[in-house]
């Protein structure tokens, strides 16, 4: 007969049936495997081989989770806490919206679950392993996962030490009230469920998390300081709970419109900002998106890149109301940031401004097209840099990337590059620097191998 390894265990497994709010945890495969393991050890005549299989199956799932999430430390404790933080239930969603400002009944229900979750958290797999004579090394409190510092997604999880602080609170002899308070604050700041796991989303009849979004930062974008200042101010207002405007970023290609918006997510993601990327056609689903985000306690930028309409496309008429003008109010936690090469978004012809054909009220048609852009309270212009500004960008990017080419030589080749390729823009400048770095890597002395540097016929 195999004996139980912990006083917290009972004949019904880990006694998780007492959970009221976190009952989704009961459906987790690894938790069910742990319950099965305890029950097997309590069952007279249970074969050791069957117990070993159950043990190593559970261990495998924990190791996979550790690799996926880039955990360090106690695998079981990390796993249980991850389940708790990711669980979307009426308590975690209420805390996401309002912190500890929840009803008395919900508070008491949460206190009940905290006590059960703490027992689960402190479930001692080492005791079971020792009793069975199995390998216990992987349950060491110093389990190390290589590459933690290099994994961007793991930085989101661990960056502010909130995860570690909660883990410490669960480990220590803290009161259920203190644990509940800390957990409510975590949900309020970091979100729960998919909102905690992801900062960026696409839309496919619901939110779909994007695991590896563009890591660009605003400081990476050289120039356009005025434009960045406006974006920062408006976004700061949003995440501070104030009214904020929809923004249209328009201008020439390659000037950093899209990158400026993407950078905001990396700037404010840890303060509750989330971003949902939509295509033009998906704007028709804006009412469903509004319904979804209005229930959450975080802040959302709806991002539509490179938006424009041809004159024969009339979907914009339906979209206008969705943006601003329908009976359904836009939630205060959501705004739209749109990029376009066109200021007015809809293609115009000279015929739009003078009578022609069967159109009687030509001005009405003209005003209807212009009114779409008016839905955006702020319009920010991104123009191509002049030669001086372009060379400033080149030199700054070269400095940041430690390109050792003499400035005069660098500028000469940079001007040849923009004439041959895509004209002057931030994107062209970055492409030039990338080419330089790939073709002419500095040696140990910081000088360049010039065998590949000279341009021929305007190219590198």
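Quick note: the coordinates plus some simple rules give every number you see, no bench work behind them. For clarity, every value in this text was computed on a predicted model and none was experimentally measured. Reconstructed Cβ throughout: ideal geometry from the backbone, glycine too, with neighbour counts over all protein chains shown.
Tabulated data
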{"read-out": "Footprinting exposure proxy for 296, 271, 375 (fewest neighbouring C-beta atoms within 10 Å first)", "value": "271, 375, 296"}
{"read-out": "Rounded, prolate or oblate (a/c below 1.5 giving rounded, otherwise prolate when a/b exceeds b/c) for the stretch 83-124 by Cα gyration tensor", "value": "oblate"}
{"read-out": "Residue order, fewest to most surrounding Cβ atoms within 10 angstrom, among 71, 417", "value": "417, 71"}
{"read-out": "Estimated FRET transfer efficiency when R0 is 22 angstrom, pair residue 168-residue 217 (beta carbons, to 0.05)", "value": "0.10"}
{"read-out": "Between the stretch 391-430 and the stretch 241-292, the Cα center-to-center distance that results, in Å", "value": "30 Å"}
{"read-out": "Least to most buried among 262, 229, 197, 402 (fewest other Cβ within 10 Å first)", "value": "402, 229, 197, 262"}
{"read-out": "Gain on full stretching of the segment that runs from residue 387 to residue 50 - 0.36 nm per residue minus C-alpha separation", "value": "113.9 nm"}
{"read-out": "Net lengthening on full extension, residue 401/residue 18 (0.36 nm per residue, minus Cα-Cα)", "value": "132.2 nm"}
